[in-house]
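Report on the structure given below.
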Amino acid sequence: MRFGKTKLELKVGIFVFIGLVILAVFVLSIGNFRTWASGYKVSFTYNFADGMKLGAPVRFSGIDVGEVKKINLIFDIKDVKTRVQVVCWVREKINIPVDSTVWVNTLGLLGEKYIEIMPGQDYAHCMANGDTLAGVDPIPMHTIVRKALDIAGNVDESIVRINKAEGTVGKLLYDDKLYNELEALVTDIRKNPWKLFHKTKEKK
């Protein structure tokens with residue numbers, strides 16, 4: 001009786017163990033962990049990270065090659081300013097030239113932030129484990145909004161000038177004298193097209 005109970009417990013234990021292994025593999029796959037993959041870590045520094053988060057993808061020429069592992073605030077003694085250090089894990093066979101361009105990109109207009117690496121040409125000198133490269137700062141949204149407002153203001157000012165018959169377009173639309181002279185010129189050319197060719201020959 002005891003032997004049968006022990007055998008049942010052993011089967012249950014094996015079943016639970018197998019279930020835990022499957023669950024662990026599933027969780028690691030969903031979380032996109034690189035537990036068994038080999039790679040190295042590199043850092044990119046920015047003045048502004050635009051909402052970069054842990055686990056964000058790292059892309060090389062548009063292909064996923066790693067992920068963001070750590071984000072730190074560091075103080076640059078040389079420039080006397082605080083910078084953002086983004087530590088990334090990259091697959092071992094990915095060679096990043098030191099003259100590459102690295103920036104924070106966005107999936108869609110308001111989508112997930114990720115690191116985009118556009119490879120350079122100097123493959124004789126590539127980043128190694130622990131190396132750091134300065135990235136290109138993204139443009140803050142408030143800067144884009146301010147520029148859009150400036151453009152809208154310039155458009156409004158141009159419309160006001162046109163309505164006041166100022167400038168070339170305003171005079172053409174509202175100045176009868178200029179409009180009549182232009183209309184007379186067009187009418188004359190239609191009646192006497194040879195004048196147009198005659199003027200062209202004189203210019204030559």
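Here, each number is a calculation from the coordinates, and none is a lab measurement. These figures come from a predicted structure and were not determined experimentally. A quick note on method: Cβ atoms are made from the backbone with ideal geometry, for glycine too, and the neighbour counts reach across all protein chains shown.
Could you list Ser61, Ser100, Ser38 in order of exposure, starting from the residue whose Cβ has the fewest other Cβ atoms within 10 Å?
Numbers: Ser61 11, Ser100 20, Ser38 8.
Sorted ascending by nearby Cβ count, the order is Ser38, Ser61, Ser100.
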message: Only sites in a loop by DSSP and with at most 13 other Cβ atoms within 10 Å count here; which chymotrypsin sites (Phe, Trp or Tyr not before Pro) in segment 61-129 make the cut?
response: Tyr123
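For segment 60-144, run through the trypsin sites (Lys or Arg not before Pro) and keep only the ones in DSSP coil with at most 16 other Cβ atoms within 10 Å of their Cβ. All intermediate terms of the calculation are to be shown ahead of the outcome.
On the way: sites: Lys69, Lys70, Lys78, Lys81, Arg83, Arg91, Lys93, Lys113; in loops: Lys78, Lys93.
Sparse-neighbourhood loop trypsin sites (Lys or Arg not before Pro): Lys78, Lys93.
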field: Rounded if a/c under 1.5, otherwise prolate or oblate - segment 76-132, Cα gyration tensor axes
entry: oblate
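Report the calculated FRET efficiency for Lys81 and Lys53 (r = Cβ-Cβ distance, R0 = 30 Å), to the nearest 0.05.
Details: r = 23 Å, r/R0 = 0.75.
That pair, Lys81 with Lys53, gives E of 0.85.
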statement: When Asp188, Asp137 are arranged by how many other beta-carbons sit within 10 Å of their Cβ, fewest first, they go Asp188, Asp137
task: Between beta-carbons, use under 12 Å as the cut-off and find the net charge around Ser43, counting Lys and Arg +1, Asp and Glu -1.
output: +3
